[in-house]
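A short write-up of the structure that comes next.
Throughout, read-outs are computed from the coordinates displayed, never taken from laboratory work. Keep in mind that what you see is a predicted model, and the values were worked out from it rather than measured. Ideal geometry is used to build each Cβ from the backbone, glycine not excepted, and the neighbour counts take in all protein chains shown.
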Amino acid sequence: MSTPVPRNKVAQWIEYRLPIFSWANHNLIDFPEPKNLNYWWNFGSLAGIILVIQIITGIVLAMHYTPHVDHAFDSVERIMRDVEWGWLIRYIHMNGASMFFAVVYIHIFRGMYYGSYKSPREILWWLGIILLFLIMGTAFMGYVLPWGQMSFWAATVITNLVSAIPWIGETLRDWLWGGFSVDNPTLNRFFSLHYLLPFVIVGVVILHIWALHHRRSNNPLGIDVKSAKDTIPFHPYYTVRDLFGLGAMLFVLFVFVFFVPNMLGETINYVKADPLQTPPHIVPEWYFLPYYAILRAIPDKLGGVVAMVASIAILFILPWLDTSKVRSARFRPIYKQLFWVFVADCFVLGWVGANPPEGSFVWIGQICTIYYFAHFLIILPILGKLERPRPLPDSIHEAVLKKRGGAPAVQPAATMEKH
Amino acid sequence: MRRLMIAAAALALGLIGAAEARAAESAGPLPSVDFPHIGVFGQYDKAALKRGLQVYREVCSSCHGLHYVAFRTLSALGMSEAEIKEVAASFKVTDGPDAEGEMFERDGRPSDRIPSPFKNDNAARAANNGAMPPDLSLVTKGRNGHEGYIYAILTGYQDPPEGFTLGDGMSYNAYFPGHQIAMPQPLSDGQVTYADGTEATVATMSHDVTTFLAWAAEPELEERKATGLKVLIFIGVLTAILYAINVRVWSRVT
């Protein structure tokens, strides 16, 4: 894996001044990856690609969109009807946001299952959490832009949460609004920030990948790479697999875009925003439902906001809350079960969030919220001490060979004896 | 891989379930009614669209506009340019100001959008007992229950049950939230005389005008589904090839 010198004269000229060819070779071609990564490792690259799709469609949409309370809704309808392929671009952007969250959530759950947040990848993990916050903020502000009923009322509900902060809350909220209610200044700044934040996300993604390439990928076994035998070059193995993953993701995305483009959205957002008429149910998009359930599970406004923010912020200290030395859930028999309980808990929270806070939804939401935090604050610290992990394989190479039914090359004698 | 597919399927089912659960939010269950344009490959019933336009022109348009629908787009219904000009000219459009600074009314042109008969929202309220007849451009897209709901409202006028007190000028509708609707029953049997000889029952007219309004809300539907089919076939084949290459490349790894 020596750095190849480009043969082309122009390339040599460039390489001498800015070594982009050897850089690309190192990071995209020769880069050694564990050879046992499974398909759950596809979702990082998918998140990166969907970010690019969102930025490109978003830039085109911004060329036709008007951020003004009197024109925003109309300009979106113009995009849908009069702009060439405008409906396609908008539907890709709309459903792309859902796809982004689906991919990112799978990516995060994968990290949790295989212990990818553990040493030495804590900063890589932190950067991922920062990305999640940024993506959520961007998605929320983007949802406000069409200025439909749910855009307006979601903006009102969510920005009002800021007012729960003691002392400065209401001042902060008015400052956020740029006035005394959600109005034109709010829409303007949301548009500005919705255009800005994706590029901040790109910046953090670069840091995320930098940290990844510094300490390298985790793998399903959760053990460290020990020799060159454990790895294979990124290209062609993971380039081709990522391309296959991209095809599969686009297929799913396009099923939504072309056949059920509004299934994940709120019907009422096709009614223009009316500050005098509150919709019967104010519900966020599906990807915010679990947090919404946590927010409403706490009977106190400030407490709810704190719990909602904490539900994500707690991930920052996850590397230390999980006291187990073993990374992968494959070798943690109890954690493996509890991981799925945790996933189920998140789904139930989402279901609770979609429903009005009445009847049994109230206590179900509260129990699931308590469990959510207990998973991090009680179960993981104790479990790491009590659980007896299964023995770890000696190396990735050996484990891969065993799985394929072949005998480990290092000890042929041992296998012979068994026959 | 298998686990991943199971997870993907479970996620998709969950999402569909959540969306379905949220879609059903009108007053009581809607009557089940079929529209050919609903469904994966469904396209608009062209004859119904034309009849629906007739119902809209003769009945609905006296109160409701279609602010986002330009007359020129009626070509999608199979209308000729001359026919579109004639339809447009049958509507009055406010234009101006002219050289004297006055607003004036003129006949509609194909480039105009289908106007509301009222000068503004307040005029609309004043003429309708305080209620605002909404613009219908997005009515099938912006109401829970969609086409089924619109059809239900149009066919849901009944005598109020005993003990139900209706407000002044209100009508009883089985499917409207709260059952009190400011719009008087708009359709009655034989209200329009269809050009194609179809019998104009309330059910037929409701079905036709709902189809027309669905088109008004989603004029891109036919192109969207047709394009989608081609795109999915392309991506499907491409993904299958990539999978085969993937398997082949990985078979080298020991």
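Cα extents for region B:134-254 along the principal axes, largest to smallest and rounded to whole angstrom: 81, 39, 23. Remark: region A:283-388 carries a charge dipole of roughly 580 debye about the Cα centre, counting +1 on each Lys and Arg Cβ and -1 on each Asp and Glu Cβ. Once both labels are positioned 7 Å from their Cα atoms along Cα-to-Cβ, the gap between B:Asn128 and B:Ile241 label points is 5.4 nm. Residues of region A:225-249 falling in the label zone of A:Arg7, defined by backbone nitrogen less than 20 Å from a point 7 Å along Cα to beta-carbon, are A:236. Rounded to whole numbers, the Karplus 3J(HN,Hα) couplings from phi for region B:38-54 are 8, x, 4, 10, x, 10, 5, 7, 4, 5, 5, 4, 5, 5, x, 4, 4 Hz, using 6.51 cos²θ - 1.76 cosθ + 1.60 with θ = phi - 60°, and x at Gly and Pro. Here's the picture: charge each Lys and Arg Cβ at +1 and each Asp and Glu Cβ at -1 in region A:283-388, and of A:Ala313, A:Phe339, A:Gly359 the one pushed furthest to the positive end of that dipole is A:Phe339.
Between A:Lys385 and A:Arg189, the simple spin-label model (points 7 angstrom out along Cα→Cβ) gives 4.7 nm. Given R0 = 35 Å, the distance between the Cβ atoms of A:Ile130 and A:Leu392 translates into a calculated FRET efficiency of 0.65.
The tail of the calculated P(r) for the protein assembly as shown, taken as Cα-Cα distances beyond 33 Å, holds 57 percent of the pairs.
Segment A:Ile29..A:Ile123, full-extension length gain: 31.4 nm, with 0.36 nm per residue of separation and the alpha-carbon distance subtracted. Across region A:1-149, Cα-Cα distances exceeding 22 Å account for 59% of all pairs.
Expressed as a fraction of 2.2 N^0.38 Å, the value expected for a compact globular protein of N residues, the C-alpha radius of gyration of chain B is 1.31. Taken along its three principal axes, the alpha carbon spread of region A:283-388 comes to 42, 23, 22 Å, from the longest extent down to the shortest.
Phi angles across region A:246-253 convert, under the Karplus curve 6.51 cos²θ - 1.76 cosθ + 1.60 with θ = phi - 60°, into 3J(HN,Hα) values of 4, x, 5, 5, 4, 4, 4, 4 Hz, Gly and Pro given as x. Working note: Cα atoms of region B:94-167, range along each principal axis, descending, whole Å: 60, 27, 18. In region B:125-156, which residues have a backbone nitrogen under 19 Å from the label point lying 7 Å from B:Arg57's Cα in the Cα-to-Cβ direction? The answer is B:136-137.
Pairs over the 20 Å Cα-Cα cut-off, from the set A:Lys35/A:Lys336; A:Lys35/A:Lys385; A:Lys35/A:Lys402; A:Lys272/A:Lys301: A:Lys35/A:Lys336; A:Lys35/A:Lys385; A:Lys272/A:Lys301.
Rg over Rh for region A:29-273 works out to 1.03, both radii taken from alpha-carbon positions and Rh defined as the Kirkwood radius. Measuring r between the beta carbons of B:Gln158 and A:Asp274 and using R0 = 22 Å, the FRET efficiency lands at 0.15. For the protein assembly as shown, the residue among B:Gly42, A:Pro233, B:Val231 whose Cα projects farthest onto the positive side of the dipole built from Cβ charges is A:Pro233.
Since only A:Leu61, A:Gly86, A:Phe43 are under comparison, the one whose Cα sits farthest along the positive direction of the charge dipole of region A:29-273, derived from C-beta charges on Lys, Arg, Asp and Glu, is A:Phe43.
Taking a straight line from the alpha carbon of B:Lys85, these aspartates and glutamates sit under 12 Å away, with near neighbours fewer than eight places off in the same chain left out: B:Asp107, B:Asp112. Estimated at 0.36 nm per residue, the fully extended path between A:Lys402 and A:Ala374 surpasses their Cα-Cα distance by 6.3 nm. Remark: chain A carries a charge dipole of roughly 1820 debye about the Cα centre, counting +1 on each Lys and Arg Cβ and -1 on each Asp and Glu Cβ. Can you give the FRET efficiency for B:Lys46 and B:Ala82, using 1/(1 + (r/R0)^6), R0 = 25 Å, r = Cβ-Cβ distance, to the nearest 0.05? E(calc), rounded to 0.05, equals 0.85. Pairs to check: A:Lys325/A:Lys403; A:Lys403/B:Lys230; B:Lys92/B:Lys230. Give those whose C-alpha atoms are more than 31 Å from each other in this structure. Pairs exceeding the cut-off: A:Lys403/B:Lys230; B:Lys92/B:Lys230. When the helices of chain B are scored as -39500 (n - 2.57) per DSSP H run of n ≥ 4 and the total is divided over every residue, the value at 222 nm lands at -14000 deg cm²/dmol. Here the sum of -39500 (n - 2.57) over DSSP H runs of 4 or more residues, divided by the residues of chain A, equals -20500 deg cm²/dmol at 222 nm, to the nearest 500.
Using amide H atoms built in the peptide plane, which far-off residues or other-chain residues are under 5 Å from A:Gly148 H to H? Result for A:Gly148 returns A:Ala273. Subtracting the Cα-Cα distance of A:Ile312 and A:Leu18 from 0.36 nm times their residue separation leaves 101.9 nm of extension gain.
Database remark: amide H of B:Val69 closer than 5 angstrom to the amide H of B:Ile114 (H placed geometrically; neighbours at sequence offset of 5 or more, or on other chains; Pro and chain starts carry no H).
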